Structures are given as C-alpha cells and as structure tokens.
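The values are calculated or read from the model by the stated rules, or taken from the named source; none is laboratory data. Keep in mind it's a predicted model, so treat the numbers as computed, not measured. Heads up, the Cβs are rebuilt from the backbone with ideal geometry, glycines too, and the neighbour counts pull from every protein chain shown.
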Amino acid sequence: MSNELEKFQAGRYLYINDYKCFVPSIINCDWQWKDAKLNKLLAEANRQIGELNAYSLLIPNVDLYIQMHVKVEANKSSKIEGTKTNIAEDLLDISDVVPEKRDDWQEVQNYVKALNYGILRIREGFPLCNRLIKEMHKILLEGVRGEHKTPGEFRLSQNWIGGSRPGNASYVPPVHTELPECLSDFEKFINNNKIDTPHLIRIALLHYQFESIHPFLDGNGRIGRLLIPLYLQSKGLLEKPCLYISDYIEKNKNEYYEKLNLVRTDNDIIGWIYFFLEAVIETSKEAKEKFKNIVKLTQRTESLIANLPIKAENSKKIINVLYLEPIINRNKLALETNIKLSTINGIINILVEAGILKEITGFSRNQVFVFEEYLNMFG
C-alpha cells in the first residue's frame, strides 16, 4: 500500500470520560510525495550523512571520540527533559558532583548506558524492535526519578503532557488499550523491507510516531531521540554511531515541539520532516567539522607529548584514556592505564607544565585534571 505525505492524516480523537486522547494513524506503508523542497532537503541530508560516514571510517581512534559524542548526546537529550548538569559535571565521578545535582548526573549516566547497550545489540545483529526499546528503557530509569514508573514496560494507564490531569493537558496520547496496535504497526514499519520509503523519511516518521504514542509513563522523549542514531546504524546509513541531533533539538526546542504538534493538529507531516532533515544536515556538518578539529588536535598533542620526558608506551595509554575521559583524577588515571600511581603523579606534573592538562579544583589533595582543549570541542 502506498500513501502520499501531502494527504497524511495524523490520527483521530477518542473521547474518554471528561477528556479526549489522540490515536495516531498507522504508518506502515510505502510513502510518496511530490514536494520539491522535501526532495532537495532529502538529497542534501543523504549527501551530508554519507560524507560523515566516510569520514568517520578514516579517523584513527574514532571509537574513543564517538564515546565522547555519546556522553554529549546524553547531556543534551537529558537537558531537554530538565536536567541541570553541564558536560564537565557529567564527566566527573559522582563523589565530585555537588549533592543537589547527583540525581541529574545519574540520569545522564543511565542515558549513556542505554545508548551504548542499544549500539552493542545492533552491532551484534539484533533488530531495532519493541523488545530492544523496552530493554533500553529499563536501563534509562534504573535508580533515578522515574524508577517507580514501570521501567522496561509499556504503560497500562493514561499519561499526558502539560497540565495537572488529562482534561487540561496540552497533549494526551492514546489510551493504553490502543497501544498494542499502535506499537505493532510502529515495529513493522521499522523493519519493513518491502517498501521503498527512504530511511531518513522513515526515521522522521518513526520519531514523530513514537512521541505521539508516548508508550512509557516516563522517559519517552529520551528514548525517542535514542531511536534516531540506532535506526541509522541498523540500516547501514552510518557504520559508526556518530550522528546525534539532540543538541540541535535543544537549541530549537520550541520549534521542535511546535512541528510535532502541527502534525497532530494540521496533518503537517511535511513541515515536521523539513525540520528533521534540516537537523540531520546541520548536525552532520557539525560532526564532520568536530572530527576534523579533533584529528588536528590529537596530531598536535601527540607530537607535543613525543617530545616530553615520558615513556612512549605510557604516553599512548594516558592519551587514549584522556580521549575517553577528559576530566579525571590521579587514582582513576592510574587504574585505567595500569601505571603505578607514583609514575602517574610525575607524568601529570609534566602534562600540566606543558599545558595539556589543567587542574580544576584548586585543592592540594583530591585534585581533578581536565584535557581542556579537547573537552571544549564537545561543548
């Protein structure tokens, strides 16, 4: 079955007691369109993501840098939901985080774990499906503020966005009895190999659909954004999971919510897809630029370290840890590199003197060091 995006019908309202909920239409079909601007944006988004993919495969140590991308994505996606930690705080050990921010810190760590779990499962050949989504959701809510809201399970009661109850909410997703049909259609569309709808159009539709279904009692926004890099990885558009659009969404948060809402109120799915493709284009460009700058920095740093009185074997171990954890203390660096603490102390002093590391606590004990120039590239 083939449908035109210009004739998209977002869904219907179901009246329940004193409120109405929105039930999105099924999306598992072959989508076509005549819109010229959409074609232009799609071509540019495919070009940019193709270049990013090619570039990511040429970079040495790219998996280390991607882990930093994941941590930044976790910060930005969680910030959309109201967490207050900055990237530097998210990279600290919990004992170094001020007590009032530790819950936020834990939410970001859970996001990193959930995303890395999804990346690993897909790399192992597991399909992106409702089961994997529930497994990631369980990790996301473990031990944090939503831990009592059935982690890892689709909801069995009504939820809503804004307001104090469904009757005065800004958006009420489908009643839970509609979820099995909605989610079955959603999963089929992810893995339908018989249709020709391009993958970037499909993930735009899938993200909108997931946010409209809102299948969990908590964590829907974060899981919905997690799906984007995992879908691109699972379909081979990116061999490395290096495209994360939460930063773009956070900077354009009002427009993001407005575009999603206009689909439901005005059937304007094309307007939402414009926004999504523009996010992919801008994010791909920024990711490429970031990778280029990181390569220049790493070459410069490694050249500088080579001329310092540090054993080559030790300097390689240390720099690889710093790419992954650019904020670190002496004990952790010794543990991660398996180098004696006395040796680490001497090396850190040399790196501080050379301007590669900077001490950020101002204390004489329990010091924390930052690889500042590298960290700033992800800020």
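Points worth noting:
- Checked against the criterion of being under 28 Å from E100 (Cα atoms), hydrophobic (A, V, I, L, M, F, W, C) and free of Cβ contacts under 8 Å to residues at least 40 places away in the same chain, the candidates I139, I161 yield just one match: I139.
- Out of A43, A54, one residue alone is among the small types (G, A, S), loosely packed, with under 15 Cβ neighbours inside 10 Å, out of contact with any helix residue (DSSP H, G or I) (no Cβ under 6 Å at 6 or more places or on another chain) and farther than 17 Å from H199 by Cα. It is A54.
- Scanning segment 249-259 for residues that are of a type outside the set (K, R), surrounded by fewer than 20 Cβ atoms within 10 Å (Cβ to Cβ) and assigned to a helix (DSSP H, G or I) gives E250, N254, E255, Y257, E258.
- Single residue of G346, G271 found to be surrounded by fewer than 19 Cβ atoms within 10 Å (Cβ to Cβ), more than 25 Å from R123 (Cβ to Cβ) and within 27 Å of the chain's Cα centre (by Cα): G271
- Number of residues in segment 2-60 that are in a loop (DSSP other than H, G, I, E, B) and either closer than 30 Å to K290 by Cβ or not assigned by TED's automatic domain parsing to the domain that holds P229 (or both): the value is 2.
- Within segment 164-215, being within 20 Å of V263 (Cα to Cα), touching a helix residue (DSSP H, G or I) at 6+ places or on another chain (Cβ under 7 Å) and among the acidic types (D, E) holds for one residue alone: E211.
- Leading residue by the ranking (farthest from I16 (Cα to Cα)) among those in segment 153-171 that are charged (D, E, K, R) and loosely packed, with under 15 Cβ neighbours inside 10 Å: E153
- Residue check, S315 exposed (fewer than 14 other Cβ atoms within 10 Å of the Cβ) and in a helix (DSSP H, G or I): no
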